[in-house]
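Here's the structure, in structure tokens; my notes come after.
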Amino acid sequence: MGGDFAPQATVSGALLALAELDPAHTIQLVGATATIEAELARQTNGEHRELAGHRGRIEIIEAPDVIGMNDKPGAAIRGKPNSSMVVGLKLQVGGKSDAFVSAGNTGAQMAASVVVLRLHAGLKRPAIATVFPTAKQPVVVLDSGANVDCSAAELTQFAQLGAIYAEDVLGRTNPAVGLLNIGEESEKGNAAAKEAHQLLLAAGLNFIGNIEGRDLPGGACDRGPFDVVVCDGFVGNVVLKFYEAVAPFIIATLKKAGVDESQLGAALQHLDYSQYGGAPLLGVKGISIISHGKSSPKALKNALKVAARAVESRMDEHIGRRLQPASTATV
């Protein structure tokens, strides 16, 4: 029930995802049953008539409350325990679901995920991991909005989480990690960045040092390509919002110069956030995928596919093992 275009976009995204996912996968639509059933009937008898055969792989879970986009996160999860967000996350705790995807209130999803799923042992905070397109290959940037201020230790944990995501979901071997900073020298940056640089050198990761904002679009610095970019949530969210505006700006500018719009759209397709679906909230015990509030059916389809890949790769178990203290780890 979350997002600017719910329930049309969420129902459509689910049908499109089922057409591409392995037949073993099913999708639960959590919300007002009558509303969801009516939208499903409308779409499977209309624009998605060819996908009507996938209706049997959809289960509807009743959740009468709706958390609005402007609701305060804490008050919303306490005051609306029967919301689609809280009910949907609790399905994982009860072993009735493997992942959760929402385009609803981001703050509420973060808060509810931490309260319902809880954090992995040793973690202080979760991080939102967003996939950014580059000239080479997509990279994962975290934190992109969950935590405005971060300590050096938290930035180091984010690097560990990002490396696991790059391995399990993006398929990278020994992913290269960069620390987003104002210069490539180790002594650059604020106190947290300088300390994080030293901690990352000793973290057992493939840390290639500091990278600068200008390196992001190219996906590489003078020390080579990178797969993971670490920063606090304030910087990460500013960069994310800037990135989202790049393609529309380029298209509008070139249109004024008389360049054919259809050619532009195809050339800049890889900059479209809907290609990457959703951003996982890494660090919680489970899979919680945060999608853009303006997510289209295509974006939600891809978010569901991201969730499926995270489950299939056992990413959450991998995170738990990686974060387990050395004294208690077993091989």
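Couple of notes before you dig in:
- Residue that is part of a loop (DSSP other than H, G, I, E, B) and without any contact (Cβ under 8 Å) to a residue 60 or more places away in the chain, where the choices are GLY53, GLY3, GLY46: GLY46
- Pairs linking a residue in the stretch 165-194 that is surrounded by 17 or more Cβ atoms within 10 Å (Cβ to Cβ) to a residue that is of a type in the set (A, V, I, L, M) and at pLDDT below 90, with Cβ atoms under 7 Å and 6 or more positions apart or on different chains, do not occur.
- Candidates are the residues of the stretch 124-143 that are aliphatic (A, V, I, L, M) and more than 17 Å from ILE290 (Cβ to Cβ); the one that is surrounded by the most Cβ atoms within 10 Å (Cβ to Cβ) is VAL139.
- Within the stretch 216-228, being surrounded by fewer than 21 Cβ atoms within 10 Å (Cβ to Cβ) and either touching a strand residue (DSSP E or B) at 6+ places or on another chain (Cβ under 8 Å) or touching a residue at least 40 places away in the same chain (Cβ under 8 Å) (or both) holds for PRO217, GLY218, GLY219, ALA220, CYS221, ARG223, GLY224, PRO225.
- Residue ID - modelled with the highest pLDDT, chosen from residues in the stretch 268-298 that are exposed (fewer than 15 other Cβ atoms within 10 Å of the Cβ) and in a helix (DSSP H, G or I): GLN275
- Tally of residues being in contact with a Pro (Cβ under 9 Å, 6 or more places away or on another chain) and among the charged types (D, E, K, R) across the stretch 1-27: 0
- Counted residues, the stretch 6-33 - those being of a type outside the set (A, V, I, L, M, F, W, C) and assigned to a helix (DSSP H, G or I): 6
- Lone qualifier among ILE67, ILE61 - being assigned by TED's automatic domain parsing to the domain that holds ARG309, part of a strand (DSSP E or B) and of a type outside the set (Asp, Glu): ILE61
- Strands (runs of 3 or more DSSP E) completely within the stretch 150-254 that count 3 or more residues being within 22 Å of the chain's Cα centre (by Cα): 176-180, 228-230
- Looking across the stretch 74-89, the residues that are surrounded by 17 or more Cβ atoms within 10 Å (Cβ to Cβ) and farther than 17 Å from ALA32 by Cβ come down to ILE77, LEU89.
- For the stretch 93-130, residues that are in a strand (DSSP E or B) and not hydrophobic (A, V, I, L, M, F, W, C) total 2.
- Among the candidates ALA129, ALA108, ALA103, residue that is farther than 16 Å from ALA303 by Cβ and touching a strand residue (DSSP E or B) at 6+ places or on another chain (Cβ under 9 Å): ALA108
- Within the stretch 144-164, being buried (at least 19 other Cβ atoms within 10 Å of the Cβ), closer than 21 Å to HIS318 by Cα and small (Gly, Ala, Ser) holds for ALA159, GLY162, ALA163.
- Set side by side, the residues SER113, SER97, SER102 differ, and just one is in contact (Cβ under 8 Å) with a residue 40 or more places away in the chain, over 26 Å from GLY204 (Cα atoms) and surrounded by fewer than 23 Cβ atoms within 10 Å (Cβ to Cβ), which is SER97.
The values are calculated or read from the model by the stated rules, or taken from the named source; none is laboratory data. Model, not experiment: these values are computed from the prediction. Positions of Cβ are backbone-derived with ideal geometry, glycine not excepted, and every protein chain shown enters the neighbour counts.
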